[in-house]
Each structure stands twice: as structure tokens, then as C-alpha cells.
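The values are calculated or read from the model by the stated rules, or taken from the named source; none is laboratory data. This one's a predicted model, so the numbers in the text were calculated from it and none came from an experiment. Please note: Cβ atoms are built from the backbone with ideal geometry, for glycine as well, and neighbour counts cover all protein chains shown. The protein model used for the area step is the full one, side chains on, heavy atoms only, and it has no ligands, DNA or RNA in it. Shrake-Rupley method; radii C 1.70, N 1.55, O 1.52, S 1.80 Å.
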Amino acid sequence: MNGERVNGEKRSAQKAAVPMPSATVTIVRDALRGIEVLMMKRNLKSGFVPGMYVFPGGGLDDTDLLFKNNNLCLCLDDASASGTLGLACDGLAYWVAAIREAFEESGLLLARNETGTLVSLTDPQIAQRFTEHRRQLNAGTAAFPALLQTENLQLAADQLTYFAHWITPVGLPRRYDTRFFMAEAPAGQEPFQDEQETIAAVWVSPGEALSLHQRGEFEMRTPTVRTLENFADYDTVANLRRGLAAKRDVRVMLPRIGSDGRRVLPGEPGYEEMGTATDA
């Protein structure tokens, strides 16, 4: 049935929202009792997942597409990035978006200076300058490529490891087609929330975050929970990176929503029975 009749006229069924291309990055660091993950708490007034703990990330924008030609990311080319994601072109934009969003939301910037080392923000004057760059980015008065050009920086896309691909379930009003990356926190930088999209920055072990979530004290979405469950098996960042890099085939995860609101993932009981007609 292609629609329903309203006042004697046939009305077409509403089309599913098209997923927005987006990227997210799970930033990790070594700690005394294993790895820790950076979690950002969303603003309670946000129109998307308010109050939840998330990884930095967001949708691709037009400036992200410029990096395949602007010589600001020489460590990774678009052909290689696209091949990794299984795309014909513009794959590099996902790496760029992940790094840009991490800087906008957490203040951590994965970029190299003219000596080839990751930029350090331990100098108060340099830190203040980059805080202003971040403010302008979030205000929409400056562009990410211009920031890198001004500071003579190269994007450190090779610091990211691609490991997951999630698509928001059909039927939700806002959907994302998200590529997940992992990166080690750059030395000489400390995260802090932007007080707009995010209101807290927390370092937490995957196991502790999962325990808090089970007690209802740390609200997270399914992809975040599954990521932490995966990361909990690793004791160091180096081992985590090797483990993720060894997984050559990244499976697309498109959850389906049951009649009771429960998310069912590919491979779980009942997933196939929910049908494929609306998976678009």
C-alpha cells in the first residue's frame, strides 16, 4: 500500500529521512588502570540527544570537502581514504570532519606544526590563540582550512583509525550515516567543553562508563555503548589501535526499531523478521 486516504484523497506515505553524512572520533589515552575514553555531555537544551554522553562528532560540511585539493592534509589522500570507506570519492572529508568536530567540541586538535610534531597548547599564549580560533569556528565566523593556514599546520589524519559504520534507524526524524574513528589524545592538550553543544568533558574507563550506564547514571546511545564494550577488551592504546586496524572489513550497522521501541541490530534475533522494505 503506497499511501492512505484522507478526506477521500490518497496521500503518499512520508518518505524516510535521508541519513546525513557524519563522523565521530573516540579519543583515548593510557591511564594507570588501562585506557580511558573522552566523553562529552550534550547540552540539556540540545535538540539532539540532550544530556547524553557522546564522542565528539557531527555532520560533514562544505569545507571538509576542500581538503582533497588544498594541500592541508598531505599524510592521507582522498583516494586512499575513500577506498577505506568503500566510497568512490570524498572519503577524506570524513577524517576532516572528525578532527574538526573534535576541536570544536572538546578543544583537542590533531594537527602537526612545521616541525612535523603534533601541536602543543601548553604555552598560555598559544592556548589563548587557539581558544579564539575555536570560538570563531563555533560562531561560524571562521573556516577550518583558514585556521590551519594561519597557524601553518597540517591535518594529522593518519592519527585516526577507522573502525565502525552506524546508520540511524529508519523512522526517526533525524538520521545520520556515521563513520567512527579512534585517536589517541594529543600530548600537551587538555579537553574542555564548548558550553554550547557540550557542557562537560569527562575521562572515564570503558568499563566504568558501562557500569554507570547500567545504573542509569550515564546515558548513552546504542552505538556509543557498543563501542565501549569493544574498547573494554584492551589495556593500552597501542593494543587497541592494533586490534582495530586488524579488522579489515567494517560492517554497516543499521538498527531496526521493534514495536516496543527496542533497537535490534544486524545478526540479533528478530532482525530479519522486521523486514527490509524501509531500510533506505
| said: Going by amide H atoms built from the backbone, whose H comes under 5 Å of the H on Met253, apart from near neighbours? | reply: His165, Trp166, Ile167
| Integer Hz, Karplus 6.51/-1.76/1.60 couplings in order for the range 83-91, x for Gly and Pro | x, 4, 8, x, 10, 6, 6, 6, x
| message | Could you report the range 85-158's accessible area per residue, 1.4 Å probe, as an integer in Å²? | response | 42 Å²
| said: Between [x] 39, 18, 16; [y] 33, 23, 19; [z] 44, 18, 16, which entry matches semi-axes √(5λ) of the Cα gyration tensor in Å as derived from the coordinates of this structure? | reply: [y]
| Accessible area (Å², 1.4 Å probe, nearest 10) - Phe218 | 10 Å²
| field | Segment Thr141-Thr236, length gained on full extension (0.36 nm per residue, minus Cα span) | value | 30.3 nm
| query | Given H placed 1.01 Å from N in the peptide plane, which residues other than close sequence neighbours of Met52 have an amide H under 5 Å from its amide H? | reply | Arg42
| task | List, in order, the whole-Hz ³J(HN,Hα) value for each residue of the range 156-172 obtained from phi through the Karplus relation with A = 6.51, B = -1.76, C = 1.60 and θ = phi - 60°; use x for Gly and Pro. | result | 8, 5, 6, 7, 9, 10, 6, 9, 7, 9, 10, 10, 4, x, 5, x, 7
| said: Can you tell me what share of the DSSP beta bridges in the chain is antiparallel? A percent to the nearest 5 is fine. | reply: 75 percent
| field | Virtual paramagnetic centre 7 Å along Cα→Cβ of Ser120, amide N under 17 Å, in the range 173-209 | value | 185-191
| query | Taking +1 at the Cβ of each Lys and Arg and -1 at the Cβ of each Asp and Glu, which of Val264, Pro191, Met20 sits farthest along the dipole of the chain towards its positive end, judged by Cα position relative to the Cα centre? | reply | Val264
